[in-house]
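The values are calculated or read from the model by the stated rules, or taken from the named source; none is laboratory data. Here the structure is a predicted model, which means the values were calculated and not measured. Reconstructed Cβ throughout: ideal geometry from the backbone, glycine too, with neighbour counts over all protein chains shown. For accessibility, only protein heavy atoms count, side chains too; no ligands or nucleic acids. Shrake-Rupley method; radii C 1.70, N 1.55, O 1.52, S 1.80 Å.
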Amino acid sequence: MNRKVLLVGLLLVVPLLGLLLANLGRDPRRVDSPMIGKPAPPFSLKPVAGGETVSLDALRGKTVVLNFWATWCAPCFEEHGELQRAARSLGPEVRFFGVVYEDEEERVRTFLKQQGSAYPSLLDDGGKIAIAYGVYGVPETYFISPQGVITSKYAQPLDEATIRRAVREAQAGTAGGAS
Amino acid sequence: MRSMARLLLGALLLVPAGVAGQTPEALPLLSTETSDVARVVGPPRSQPLSGMALDAKTYQVGALLRCPVCQGLSVSDSPAGMAQNMKGQVRDLLAAGFDQEQILAYFERSYGEFVRLQPPLRGVNWLVWFGPLLGLLAGAAIVIGVLRKRASTVALEPEPGSELPGPDTLPDDPELRPYLLRVRELAYGWPGGASPEKEKA
């Protein structure tokens, strides 16, 4: 009987311990995006500075980099310069857009005036586009292939080298995954 | 807000049933966000809600969605901005006629199954739902088995600490046994010295 009890106990405990060990040190908020490899949700958003509405459908055929950000987010400030450099150097076939996440338009306007911007930032009223893309927080950046498929998602401040690599993957249409 | 929902519904009614899987270009009458929802989960399957029914259902559906930026809180219970946005979207979709399962499926498309506070009964989720029950039953079976074994062992042995022999106890010395049985026969009238209780057993 003792051997049986031990066996049943081990059968119950060992898998649970394995699961615990496998997930030890993992950020519980970090979940792989189910959006990788799927069509990017369409959007039609107004830029902060005014002007014509930007629609994803109109960007078909171009690689799109979609960066969700806010002025209150310190890591967003950190990656701002890297994104600007990448946007300036990658040419017109790669279109960069910021999507303002839970922020006030006036603050965003002031921030962009002070820091400068090589691409438009779009207003996401009610956070609907952030929800459609499965955004957890900021900064988050999505890379969309010319065919309109999400090839990778980054939930951390990016450097120029990472942006270039992710853009190459998007242009090739290969899913790089989430990070 | 209500007139907006009516406009959306009117537009949605013009959408053919096979809307799921179509390109946004094929859904020109829908707003961009709603066409995305319809593309993912199909056209609305329910009646558009309004007033108190809308409030109640919004809370009910929000309670089934996990707030992605909170620790174990539902969208309905969280004050976080993202949760409020999600709750707003649930409300809009209910007002447009999408049903509970469609709304949960839409959020699942973006956030994965993680966003559901009650995982659906499929695949490994069966283990989540019934694993604890199976564990409980297995534990109960083990405890019952151990208790039964202990009870049968105790019945054969004298009470711990008791120095008095039981009515059927016989001495270890085989020479003394016949004398004791004779005494019991004479004293209690038990035939052969064996207690009637033992005979019955």
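Just so you know, in the stretch A:108-123 the residues that are closer than 30 Å to B:R109 by Cα and open to solvent by 20 Å² or more (accessible area, probe 1.4 Å) include one that is nearest to the other protein chains (Cβ to nearest Cβ), and it is A:L123. Tell me whether the stretch A:120-142 contains one or more residues that are farther than 15 Å from A:V65 by Cβ and in a strand (DSSP E or B). Checked the stretch A:120-142: at least one residue is farther than 15 Å from A:V65 by Cβ and in a strand (DSSP E or B).
If you go through the stretch A:58-70 and pick out every residue that is part of a helix (DSSP H, G or I) and either at positive phi or touching a strand residue (DSSP E or B) at 6+ places or on another chain (Cβ under 8 Å) (or both), you end up with 1. The sole residue among A:L17, A:L21, A:L12 that is within 13 Å of chain B (Cβ to nearest Cβ), open to solvent by 80 Å² or more (accessible area, probe 1.4 Å) and part of a helix (DSSP H, G or I) is A:L12.
Among the residues of the stretch A:71-91, those that are in a loop (DSSP other than H, G, I, E, B) and either without any contact (Cβ under 8 Å) to a residue 24 or more places away in the chain or touching a helix residue (DSSP H, G or I) at 6+ places or on another chain (Cβ under 6 Å) (or both) comprise A:T71, A:G91.
The residue that is nearest to A:V135 (Cα to Cα), counting only those in the stretch B:57-67 that are touching a Leu at 6+ places or on another chain (Cβ under 9 Å) and either part of a loop (DSSP other than H, G, I, E, B) or open to solvent by 40 Å² or more (accessible area, probe 1.4 Å) (or both), is B:C67. Note on the stretch B:68-94: residues that are within 13 Å of another protein chain (Cβ to nearest Cβ) and assigned to a helix (DSSP H, G or I) amount to 13.
Examine the stretch A:66-75 for a residue that is under 24 Å from B:P79 (Cα atoms) and of a type in the set (G, A, S), and state whether such a residue exists. Checking the stretch A:66-75: at least one residue is under 24 Å from B:P79 (Cα atoms) and of a type in the set (G, A, S).
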